[in-house]
Amino acid sequence: MTSNDQNLVNKLLPAMQNVQNALNDASLGGKIKVSTVHSMGVLKQSEPPSSGSFDPSYGDLMKGLLEFNSANGSPFAINPYPYYAYRSDTRPETLAFCLFQPNAGRMDGNIKIKYMNMFDAQVRVNQIARRKFCINR
């Protein structure tokens with residue numbers, strides 16, 4: 001989705017639908033799940049996790065993909081790369097937070113949850129962004 005090739009981006013959902021239809025025709029639709037992996041770049045807001053939201057420029061496509069995932073019981077997958085978070089925030093405690101090392105954690109003041117590592121925070125921000133579309137998968 002984060003490709004600069006809009007033609008390619010516009011073909012993502014129809015391609016997934018075609019693969020799902022082929023699986024359904026072969027009676028495999030309930031056994032094999034069709035999905036795609038997204039980078040954290042699909043988010044507009046990620047800090048704190050409770051304010052998570054998708055970039056509005058992906059709005060219609062993201063809504064279509066999430067509806068597809070929900071309708072077919074397929075997962076929404078992300079590639080959480082803590083390196084990029086660390087690169088943009090090089091405080092010493094950020095490295096420990098990213099590497100699952102002992103640290104003071106980070107408090108999300110909006111919902112009073114303390115995250116002890118970047119992975120948990122990144123998973124949560126995606127859950128919250130999906131909920132804003134009313135899709136919990």
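Each reported figure results from applying straightforward, stated rules to the coordinates on display, with no laboratory input. Nothing here was measured: the structure is a model prediction, and the numbers come from that model.
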Requested in this report: Answer rounded, prolate or oblate for segment 33-75, using the Cα gyration tensor with square roots of eigenvalues a ≥ b ≥ c: rounded when a/c is under 1.5, else prolate when a/b is larger than b/c, else oblate.
Outcome: prolate
Query - Full-stretch length increase - GLU93, LYS63 - with 0.36 nm per residue and alpha-carbon distance subtracted - result: 7.3 nm
Report summary line: Number of Lys pairs in the chain closer than 28 Å at Cα, excluding neighbours under 8 places apart unless interchain, is 16
Report task. Give the shape of the chain as rounded, prolate or oblate, defined through the alpha-carbon gyration tensor: a ≥ b ≥ c are the square roots of its eigenvalues, a/c under 1.5 means rounded, and otherwise the shape is prolate if a/b is larger than b/c and oblate if not. Result -> prolate
Report summary line: Once phi for every residue in segment 9-17 is put through the Karplus expression 6.51 cos²θ - 1.76 cosθ + 1.60 (θ = phi - 60°), the whole-Hz ³J(HN,Hα) values, with Gly and Pro written as x, are 4, 5, 8, 4, 5, x, 5, 5, 5
Report summary line: Amide H neighbours of ILE113 at under 5 Å, excluding residues fewer than 5 places away on the same chain, with H built from the backbone geometry, are ASP108
Query - Gain upon complete extension [VAL9, PHE133; 0.36 nm per residue less C-alpha separation] - result: 42.7 nm
